[in-house]
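Peer 1: Take this structure, written in structure tokens, and hold onto it; I'll ask about it next.
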Amino acid sequence: MTQAPPPAQEGPVSYKPMHATPGDERVHIVEVGPRDGLQTIQATIPTEVKVAFVNALSESGLEEIEVSSFVSPKWVPQLADAAEVFAQIRRVPGVVYSALVPNEQGLERALAAQVDKIAVFTAASETFNQKNIAATIEESIERFRPVVAQSTVPVRGYVSTAFYCPYEGKIAPSQVIPVLLQLLELGVHEISIGDTIGKATTEDVEALLDALLEVVEPSRVAMHFHDTYGKAVANARVAYDMGIRRFDSSAGGIGGCPFAPGAPGNVSTQALLREFAGLHSVEIAAIDRAAAIVQRWTG
Ligand code: HMG
Ligand code: MG
């Protein structure tokens, strides 16, 4: 495909991706366990346990931790204590502490909690987007416009169901690219491509990245693999070989989406760290210790 790359967009905040250096072989992990991992848990996890989980992750050498979500507590009561968690964590200098934000109300709460980075989230499937954030894709982009414009911290943009939707089935790269371009046009600094229900094959990853890397630099893309069929590590390897250096994962492989039936855990951080041994400075044993803190609730 020959779509011309969009002009480089300057967001409201200057943001240099950690892996922007040409020739950089290192892998950068975004630990999403405290957010993606805990958003589906039925039992109430005490705030201090979440805080202890994030604090333990902070000691592992991770560069970025997605701590929680400033979404409607009616939709995701599991993360209603996002502000308390942010207020109580011990922040290690150099670690980026981020959170999901669906709208201006979320931005206001996130900035008050002094997050380092926010993530807006939409999807390549209309049905999933309606069920997840009660908006069409177009409406969600419009909802994010003031969020990105007003954010004083860097913004990530998720494109969920980029390979398969639990309601609509296979999603073509041609459905993903326009969403990605609209997010870039808004001024998001980084795109995370979600295999929300963990169904992508290595061929699917290759096909999407072939199209996607025609329109965006690999340094602005992260891959967010869930792991239903045990393909996530192989998928990450294919993405790495195609130039991607940034991967989302969760300690112990916990995770899922309450609005995507069948969405299992994220790829485990430990599995990715083993796969990319020598290409990161994260201590696997420290991730094991962190995962043990929430194991009682996550199984
Ligand atoms: P809505 O019901 O249309 O929103 O939901 P609304 O604007 O009508 O507000 C309804 C109520 O929620 C109001 O309260 C608002 O004040 C409140 P009331 O007046 O009834 O008392 N409200 C809020 N409260 C606190 N913070 C806010 C907020 N916004 C509204 N930010 C909305 C629309 C987007 C809010 C809702 O659908 C929502 O919060 N959705 C979040 C869903 C979610 O978190 N899903 C999981 C994360 S996405 C994911 O897991 C995928 C990912 O991992 C990547 C992948 O795997 O592909 C990222
Ligand atoms: Mg996810």
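Peer 1: Of everything in region 55-68, what is part of a helix (DSSP H, G or I) and either of a type in the set (Phe, Trp, Tyr) or without any contact (Cβ under 8 Å) to a residue 60 or more places away in the chain (or both)? Give them in sequence order.
Peer 2: Of everything in region 55-68, those that are part of a helix (DSSP H, G or I) and either of a type in the set (Phe, Trp, Tyr) or without any contact (Cβ under 8 Å) to a residue 60 or more places away in the chain (or both) turn out to be 55, 58.
Peer 1: What's the total number of residues in region 87-114 that are closer than 22 Å to residue 269 by Cα and either touching a strand residue (DSSP E or B) at 6+ places or on another chain (Cβ under 9 Å) or open to solvent by 50 Å² or more (accessible area, probe 1.4 Å) (or both)?
Peer 2: Looking only at that region, the number is 11.
Peer 1: Also, I was wondering about something else. Looking at 99, 52, which one is under 28 Å from residue 173 (Cα atoms) and either outside any loop (DSSP other than H, G, I, E, B) or touching a Gly at 6+ places or on another chain (Cβ under 9 Å) (or both)?
Peer 2: Details: 52 fails: under 28 Å from residue 173 (Cα atoms).
It is 99.
Peer 1: Condition (residue is in contact (Cβ under 8 Å) with a residue 60 or more places away in the chain, open to solvent by less than 10 Å² (accessible area, probe 1.4 Å) and within 14 Å of ligand 2 (Cβ to nearest atom)) applied to region 147-154: is it met by at least one residue? Break it down stepwise before answering.
Peer 2: Initially, region 147-154 is screened for residues in contact (Cβ under 8 Å) with a residue 60 or more places away in the chain, giving 148-154.
Add one more test, that the residue is open to solvent by less than 10 Å² (accessible area, probe 1.4 Å), and what stays is 148, 151.
Next, from what is left, pick out any that are within 14 Å of ligand 2 (Cβ to nearest atom): none.
No, that holds for no residue.
Peer 1: Under 7 Å between Cβ atoms, at least 6 apart or on separate chains: pull out the pairs that start in region 69-88 with a residue that is over 16 Å from residue 40 (Cβ atoms) and end on any residue that is of a type in the set (A, V, I, L, M) and within 16 Å of ligand 2 (Cβ to nearest atom).
Peer 2: So the pair list comes out as 70/99; 70/100; 70/101; 85/67; 86/67.
Peer 1: What number goes with the only condition from (1) in a helix (DSSP H, G or I); (2) more than 19 Å from residue 71 (Cα to Cα) that residue 147 does not pass?
Peer 2: (2)
Peer 1: Inspect region 259-269 for any residue being under 24 Å from residue 213 (Cβ atoms) and among the aromatic types (Phe, Trp, Tyr) and give the result as yes or no.
Peer 2: no
Peer 1: Quickly run through region 214-230 and pick out the residues that are within 15 Å of ligand 2 (Cβ to nearest atom), more than 21 Å from residue 290 (Cα to Cα) and in a loop (DSSP other than H, G, I, E, B).
Peer 2: Correct list: 228 only.
Peer 1: Being within 16 Å of ligand 1 (Cβ to nearest atom) and touching a Leu at 6+ places or on another chain (Cβ under 7 Å) is the filter here, so list the residues in region 151-172 that pass it.
Peer 2: Matches in region 151-172: 151, 157, 159, 162, 163.
Peer 1: From the residues in region 182-203 that are in a helix (DSSP H, G or I) and more than 14 Å from ligand 1 (Cβ to nearest atom), which one is least open to solvent (accessible area, probe 1.4 Å)?
Peer 2: Out of the qualifying residues, it is 184.
Peer 1: Tell me yes or no: at least one residue of region 280-299 is farther than 26 Å from residue 213 by Cβ, aromatic (Phe, Trp, Tyr) and more than 15 Å from ligand 1 (Cβ to nearest atom).
Peer 2: Yes, because at least one residue in region 280-299 is farther than 26 Å from residue 213 by Cβ, aromatic (Phe, Trp, Tyr) and more than 15 Å from ligand 1 (Cβ to nearest atom).
Peer 1: Would you be able to say whether some residue in region 255-276 is without any contact (Cβ under 8 Å) to a residue 12 or more places away in the chain and either crowded, with 22+ Cβ neighbours inside 10 Å or over 19 Å from the mean Cα position of the chain (by Cα) (or both)?
Peer 2: Looking through region 255-276, at least one residue is without any contact (Cβ under 8 Å) to a residue 12 or more places away in the chain and either crowded, with 22+ Cβ neighbours inside 10 Å or over 19 Å from the mean Cα position of the chain (by Cα) (or both).
Peer 1: Residues in region 241-299 that are assigned to a loop (DSSP other than H, G, I, E, B) and among the hydroxyl-bearing types (Ser, Thr, Tyr): how many?
Peer 2: As a first pass, look at region 241-299 and keep what is assigned to a loop (DSSP other than H, G, I, E, B): 242-245, 254-265, 267, 276-283, 299.
Next, only the ones that are among the hydroxyl-bearing types (Ser, Thr, Tyr) stay: 281.
The number of residues fulfilling the criteria is 1.
Peer 1: So, one more: Starting from residues that are modelled with pLDDT under 95 and aliphatic (A, V, I, L, M), keep the ones in region 17-37 and report whichever is least open to solvent (accessible area, probe 1.4 Å).
Peer 2: This residue is 20.
The values are calculated or read from the model by the stated rules, or taken from the named source; none is laboratory data. Values in this document were obtained by computation on a predicted structure and should not be read as measured data. A quick note on method: Cβ atoms are made from the backbone with ideal geometry, for glycine too, and the neighbour counts reach across all protein chains shown. To get the accessible areas, we keep the full protein, side chains included, count just its heavy atoms, and leave off ligands, DNA and RNA. Shrake-Rupley method; radii C 1.70, N 1.55, O 1.52, S 1.80 Å.
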